[in-house]
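The block underneath contains the structure these notes are about, expressed in structure tokens.
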Amino acid sequence: MRRALVLGGGIAGLTAAVVLADHAEEVIVVERDDLATDSDPRRPNPSAPHSLGIHELARRQFDRWLPGLTETLLGEGARPVDSGSHWHVDGVRKAPVAGEPLICLTAPLLQRRLRDRVAALPAVHLIRGKATGLTHHGSRVDGALVADPGRRGPGDRIGADLVVDAMGRSSRLGEWLARAGYPTPPTRRVVLDLGYATRLYRRDPDGRRVDDPDSVYSLRTGRLGPAGGLLLLPVEGDRWSATVLGYGDARPTRDVADFEARCRAEPVAALHRLVRTSAPVSEVAAARHRDSRRRDFHRMRRLPAGLAALGDSVASLNPVYGQGLSVALLQAGALHAWLRTPGAIDEPAAGYFDRSRVVVDAAWRLSAAGDLLLPNAEARRAWGMPLSRGLAGLLARATITDAGVHRRYLDVAAMRRHPRELARPRFVLSTMRAALRSTT
């Protein structure tokens, strides 16, 4: 393959570029925005970047494609934690589980270092631009139109043997396909109207913890008041990243007083201590996730050759579950496996989308079932949905009293095991027993 073109320079797009560099003489990555720099702890009172966690599976994928990247992140202050010990639901602590490694950092730090590594690859070129459409030759995509950001017009054509959509949940790929006479990918949605707001606080550089735990997950199901929660993670620069969650009309805002009030209202003592004793080092940043969605490219009856997609362009999941990074990395691996198939680039990417579906299914089955427990969640009813929702409710209660059930749930959440493990009869029986103990 002479040239591959990646539309989108976020984490998914950059990871795809690494994989494509093994298959193409030239890889061009088009990114509309400048790389965010607001995670730099030296800047006075910066806007708070949202944090993320690198699970064990994602770390293995980084080690496979970009050896040494994880060590670079740790050297710049990313914090490894054992994240299975301080989960709370409606103020009740779940059964502690040891051995749940997570590397915590801000998203801009990962994006910067990942971009540095990708830009250093001889075959890869990063350019700033805005993709405005696809170009076609016969039954294949042969490039994309790219314009300068801020300028009107379709821009200029960049030809490519393979175009990869990594433009995220706002991707217009379906519209572009329809414009060329192709069907649009069927889309599934779970409407959540999730809002989340993040603020950074100073950590003791000697490692003193906030009321003992090194990370806290506090979730409220809506049974005892508005659904929501708070995530507390250590990040680079000797800082805590505190993120509050809310849904619908109870979404958090950028208002500092509202943010601190939400922290004080959480039933976990460590979160009260945070706002009382730790100095804030940022303003509050707020974001919104209106729905979880997946575009089922594998169900399209007709696809042009020369086109693939990955990351949030395919599946945009509830960020609370932290699966998006692992999904994007596994999709990049699926892209690599498909491209190794002789003649793959000459045919539509059905083989790749079939591989991608396996990855997305595993994440979607867990996150969508959990989403549907929320009182304001809306989704088109499908076969198996009531059962999934019922099992998710049992799991939420069972993980409070049974460490084995909690361990298995975290294995699935971190994508070490498939969600079908949670539906095996013996495990369901254990879950029912543990849920009964939690109720009584």
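The values are calculated or read from the model by the stated rules, or taken from the named source; none is laboratory data. Given the structure is predicted, the values throughout are model-derived calculations rather than measurements. Because the Cβ atoms are built from the backbone with ideal geometry, glycine has one as well, and the counts that use them run over all protein chains shown.
Determine whether region 174-184 contains at least one residue that is outside the structural domain of Ser313 (by TED's automatic domain parsing) and among the polar types (S, T, N, Q).
Scanning region 174-184, I find no residue that is outside the structural domain of Ser313 (by TED's automatic domain parsing) and among the polar types (S, T, N, Q), so the answer is no.
Looking at Arg264, Arg254 in this structure, which one is of a type in the set (D, E, K, R), within 24 Å of the chain's Cα centre (by Cα) and not in a strand (DSSP E or B)?
Numbers: Arg264 fails: within 24 Å of the chain's Cα centre (by Cα).
Selected residue: Arg254, the only one of Arg264, Arg254 that is of a type in the set (D, E, K, R), within 24 Å of the chain's Cα centre (by Cα) and not in a strand (DSSP E or B).
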**Prompt:** Would you pick out the residues in region 89-103 that are under 23 Å from Gly228 (Cα atoms), assigned to a strand (DSSP E or B) and either in the same structural domain as Val412 (by TED's automatic domain parsing) or touching a helix residue (DSSP H, G or I) at 6+ places or on another chain (Cβ under 7 Å) (or both)?
**Reply:** Val89, Val92
**Request:** Output the residue which, of all residues in region 14-69 that are in a strand (DSSP E or B) and among the charged types (D, E, K, R), is modelled with the highest pLDDT.
**Result:** Glu26
**Request:** Check off (1) crowded, with 19+ Cβ neighbours inside 10 Å; (2) farther than 18 Å from Gly8 by Cβ; (3) touching a residue at least 40 places away in the same chain (Cβ under 8 Å) for Glu283 and give me the number that stays unchecked.
**Result:** (1)
**Complete:** Note on region 70-88: residues over 17 Å from Thr243 (Cβ atoms) and outside any loop (DSSP other than H, G, I, E, B) are Thr70, Glu71, Thr72, Leu73, Leu74, Gly75, Pro80, Asp82
**Request:** Among the candidates Arg299, Arg340, Arg288, single out the residue that is within 23 Å of Leu20 (Cβ to Cβ), surrounded by fewer than 21 Cβ atoms within 10 Å (Cβ to Cβ) and basic (Lys, Arg).
**Result:** Arg340
**Check on Arg264, free of Cβ contacts under 8 Å to residues at least 12 places away in the same chain and touching a helix residue (DSSP H, G or I) at 6+ places or on another chain (Cβ under 9 Å)** = yes
**Item:** So Ala98, is it buried (at least 18 other Cβ atoms within 10 Å of the Cβ) and not β-branched (Val, Ile, Thr)
**Value:** no
**Asked** What single numbered condition from (1) within 20 Å of Leu232 (Cβ to Cβ); (2) assigned to a strand (DSSP E or B) fails to hold for Leu110?
**Response** (2)
